[in-house]
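Okay, so here's the structure we're looking at.
The values are calculated or read from the model by the stated rules, or taken from the named source; none is laboratory data. Predicted model only: the values in this text are computed from it and were never measured. Heads up, the Cβs are rebuilt from the backbone with ideal geometry, glycines too, and the neighbour counts pull from every protein chain shown. Heavy atoms of the whole protein, side chains included, go into the accessibility calculation; ligands, DNA and RNA do not. Shrake-Rupley method; radii C 1.70, N 1.55, O 1.52, S 1.80 Å.
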Amino acid sequence: MAIPSTLVESPEWDPGFYFMYTAILPTYLFGIIFNAMVIGAMLSNQKTLISQRIDRIIFLLLAVHCIYSLFASVCQFLLRLWVASAAYSSFIGWTSSISILTLFVVNLALALERRVTIMSPTDPSIGRHASKIYTVLAILLLAFSCIMSWVYASSVS
């Protein structure tokens, strides 16, 4: 598909055009850069920085934030300059919904892991139950993602 030479979005059609491309887009770009730097540092010192389950959850949260900033935000803003279609808008809505759902579930897992870390000295059995709860969270994330995908795929607009 060829990229058209004229922009679909322009300041004449969108009053928030300048704010979007001078304030919001650079914020996402800096978020990608800083998250990628932290992820790179964590990967380079994997033995010490990603040794416990809470560290892996934090790493996953950073990775999801970085991917969300890259695809659902930067690609959305840059591609929206040239592409304006219902299918594109539906795809952006789907990726944003899945990303936000994933962020919610990973934050929930991080809260659960903090609770396990605090409660494990007094109740050692809580650590055994945590892996079952994480499995249930992963299954719920998959189920909700499938439902959202079906809803977006079967929507008319």
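Structure summary
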read-out	value
Under 5 Å, built H, 5+ apart or other chain: amide partners of residue 120	none
Kirkwood hydrodynamic radius (C-alpha pairs) into Stokes-Einstein, region 112-157, 4 °C and 1.567 mPa s, D in µm²/s	102 µm²/s
Compactness of region 20-157, expressed as Rg and Dmax over alpha-carbon positions, Å	18.0, 58
Percentage relative contact order, the chain, counting C-alpha pairs under 8 Å, at least six apart	25 percent
Helix-derived mean residue ellipticity, 222 nm - over the chain, DSSP H n ≥ 4, -39500 (n - 2.57), to 500	-23000 deg cm²/dmol
Among 68, 134, 18: highest mean-square fluctuation, GNM of the chain, C-alpha pairs under 10 Å	18
Dipole magnitude of the chain, debye to nearest 20 (Cβ charges: Lys/Arg +1, Asp/Glu -1, about Cα centre)	680 debye
Heavy-atom accessible area per residue - the chain, 1.4 Å, Å²	65 Å²
Convex hull volume of region 15-70 per residue (C-alpha atoms, cubic angstrom)	61 Å³
As computed over region 50-121, the Cα convex hull volume per residue (Å³)	60 Å³
Order by protection proxy (mean Cβ within 10 Å, highest first), peptides 41-54, 100-113, 19-32	100-113, 19-32, 41-54
Accessible area of the chain belonging to carbon and sulfur atoms, whole % at 1.4 Å probe	73 percent
